[in-house]
Amino acid sequence: MEKIAICGAGPAGLAMALMLARSGRDVEVFERFAVPEPVGSGLILQPTGLSVLHMLGLYDRIRGLGHRIDRLWGTDVRTGRAVLDVRYDSGSRGRFGLAVQRAALFSTLHDAVASSGIPIAAGRMVSGVRDVEGRPVLRFSDGSEVGPYGLVIDASGARSAVVSQLCGDDRSRQLDYGAFWATLDANAMAYERNALVQRYDKASVMIGVLPVGRLSAEGRDKIAFFWSQRIDGAEAVLGSGLAAWKAQVIRYWPETAAMLDEIGSWDSLTLARYQHRTLRRPACGRVVFIGDAAHSTSPQLGQGANMALLDAAALSLHLSQHRDMDAAIDAYCRARRYHVRLFQLLSRMFTPFYQGDSAALAFIRDQVVSSLAKVPPAPRILASIVAGTLLDPFASAGVIEHDWQEDSA
């Protein structure tokens, strides 16, 4: 059985390595950082991603570290009008989200990979691939090469060098808005414990507070705080000084003042940049793309890590079901096609209503969409969109959905 190389030791790459190793595959993981580590603040694991982690036997650990989310709740800062109110219990099966620190998800997967004895070659930045008689060879930034492999799986993220090399005809659009993120002490501010709470001023200002749990069983609970930021205006914000930025945030949301006291310098904040891209086919020869390398967008619908985990599950399933590698790759591409395209489309549609410069779209959101969202069956549909289950993703990925009734609130 031919060796498989995985580029990237993020959630997608680690989950992929774990699945393949457990099915008896010979796997190597290459990571660009000298020490593998997570990037970013917090995220919501949806029922989709949680079900994949349950399949891997990691559900109990991540459930103990995360914070249950039952509601996504947003209001206009000027009127107090609710412009976003999505409740998971409007759907079916007792589903919920689980907010976690990215470091908690990373450590959960990384520890499982380490326990399985899967080698991770750190400090190896993949710069491209070349083909040797139908088999990919990895090329690194220092000029060295490794291979050939029976399969290369690119899980190196939205700015993958391999995607740039092999899929140059697939368009990637940089989004105008990103966000400043910080992970802060949960005790510094009163917050709604089981909700992502957001405040809006039109679509150009979005502030969010998300309880994201702890890094260890003995650790302290934290909050992920974010401020939507137009990328081409970030330098001006930095230049105006931290105190001026804090004053602006507090004018919109006075209760954040105590929490913002933790931010002593800009180094406490990370500016995240987003792009939108959906590969027409997440494979090129014997190179397969999963996670943000295959499809990237804004985090507005909270699907990124969850889609990546589903990608890994689907690819693992079809590699086990097909003896022929090319047939397995084709089956993977078909299995993820419609779910990925649907949620990429939904994300592209929804994002301008919440992060953008259009006052007209914000008016439609506040006056029309928020009212229609209360009329059945809209609450159930919105719950399914947030949960990632508007189109069933489980069967095509070989995942059995977790029984949510087993969990207590």
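Restricting to segment 121-139, count the residues that are part of a strand (DSSP E or B) and more than 16 Å from P36 (Cβ to Cβ).
Going through segment 121-139, the residues part of a strand (DSSP E or B) turn out to be 121, 126-132, 135-139.
The next check asks that each one be more than 16 Å from P36 (Cβ to Cβ); those that pass are 127-132, 135-139.
Here the count works out to 11.
Consider segment 248-280. How many of its residues are closer than 20 Å to N187 by Cα, among the hydrophobic types (A, V, I, L, M, F, W, C) and assigned to a loop (DSSP other than H, G, I, E, B)?
Here the count works out to 3.
Out of segment 301-343, which residues are part of a loop (DSSP other than H, G, I, E, B) and either crowded, with 21+ Cβ neighbours inside 10 Å or of a type in the set (K, R) (or both)?
From segment 301-343, those part of a loop (DSSP other than H, G, I, E, B) are 301-303, 322-324; that's our starting set.
Result: L301, G302, Q303, R323.
Residue check, S316 against (1) modelled with pLDDT of 95 or more; (2) touching a Lys or Arg at 6+ places or on another chain (Cβ under 7 Å), all met but one. Which one?
(2) is the only condition that S316 fails.
Tell me which residues, restricted to segment 118-155, are touching a strand residue (DSSP E or B) at 6+ places or on another chain (Cβ under 7 Å), surrounded by fewer than 18 Cβ atoms within 10 Å (Cβ to Cβ) and among the acidic types (D, E).
Answer for segment 118-155, where residues must be touching a strand residue (DSSP E or B) at 6+ places or on another chain (Cβ under 7 Å), surrounded by fewer than 18 Cβ atoms within 10 Å (Cβ to Cβ) and among the acidic types (D, E): just E145.
Scan segment 344-357 for residues that are out of contact with any His (no Cβ under 7 Å at 6 or more places or on another chain) and outside any loop (DSSP other than H, G, I, E, B) and report the count. Explain how you work it out, then say what you get.
Residues of segment 344-357 that are out of contact with any His (no Cβ under 7 Å at 6 or more places or on another chain), as a first pass: 345-347, 349-357.
Right, trim to outside any loop (DSSP other than H, G, I, E, B) and you get 345-347, 349-354.
Of the residues in that region, 9 qualify.
Of the conditions (1) modelled with pLDDT of 95 or more; (2) crowded, with 22+ Cβ neighbours inside 10 Å, S41 clears all except one; give me its number.
Here S41 meets the rest and fails (1).
Could you list, in sequence order, the residues of segment 188-224 that are charged (D, E, K, R) and in a strand (DSSP E or B)?
Looking only at segment 188-224, we keep the residues that are charged (D, E, K, R), and these are 192-193, 199, 201-202, 214, 218, 220-222.
Those that are charged (D, E, K, R) and in a strand (DSSP E or B): R199, D201, K222.
Within segment 49-70, work out how many residues are buried (at least 20 other Cβ atoms within 10 Å of the Cβ) and closer than 17 Å to A195 by Cα.
Residues that pass the stated criteria total 4.
The values are calculated or read from the model by the stated rules, or taken from the named source; none is laboratory data. Remember, it's a predicted structure, so these values are computed and weren't measured experimentally. Heads up, the Cβs are rebuilt from the backbone with ideal geometry, glycines too, and the neighbour counts pull from every protein chain shown.
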